[in-house]
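Written out below as structure tokens is the structure these notes cover.
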Amino acid sequence: MPAYSFQERFVPWVLDGSKAQTIRKRRVKGFAKKDDTLYLYYGLRTKYTKKLREEKCSNAVSVIITNEKVYLCSSLLASNEIEWYTRRCSKDEYQFLIWCNHSDYNGNPCYFRRISSTEANDIAWEDGFRPESKKDAFDLMLRFWKQTHKLPFVGDIIYWNPSIK
């Protein structure tokens, strides 16, 4: 039962269905996998808790975010692979690490690919970072990320197809 809490700045886009993904650090237990029911909230674990949506996870893939690059995995890495990346990765090791053999949650081989700046802006825009120009979305997300997360970041992008409300 993965439940996710969103900051107030993202609530309008979760409610209107234009935000259909979230980037999160991998949890030890209860992380989202395809076909899981996702419970989306504002103010979870506070007296202001409000349930925003209940959606079905359409996909989940692992991601690495560095100071200027984003690497998407072909699937959802196994938890021990996430731990390995988190412990061992440094900015200098990425070119080597993305070519290593890895397995996904089901034991199938998977790989990382570096995405283009256009794709990075698309991911940031879809995640709710929406400056005046879409071409600045990743820069906005990265500024936020540097304030709230340690880089490099290793985690998951969880996707859903918003139902009509």
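The table that follows gives values for the structure above.
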{"item": "Sorted peptide list for 131-140, 149-158, criterion being average Cβ within 10 angstrom, highest first", "result": "149-158, 131-140"}
{"item": "Ellipticity estimate at 222 nm from DSSP helix runs (n ≥ 4, -39,500 (n - 2.57)) divided over the chain, nearest 500", "result": "-7000 deg cm²/dmol"}
{"item": "DSSP H segments from the chain that extend 15 Å or more along their own axis, Cα-based, with Kyte-Doolittle mean of -0.5 or above", "result": "137-148"}
{"item": "DSSP bridge pairs, the stretch 1-89: antiparallel proportion in percent, nearest 5", "result": "70 percent"}
{"item": "Principal semi-axes in Å for the chain [√(5λ), Cα gyration tensor, largest first]", "result": "25, 19, 14"}
{"item": "Rounded to 5, percent antiparallel among DSSP beta bridges of the chain", "result": "90 percent"}
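Values quoted throughout were computed directly from the atomic coordinates according to the rules given, and no laboratory measurement underlies them. Note that the coordinates shown come from a computational prediction; the quantities given were computed from them, not determined experimentally. As a convention, Cβ positions derive from the backbone with ideal geometry for all residues, glycine included, and neighbour counts pool all protein chains shown.
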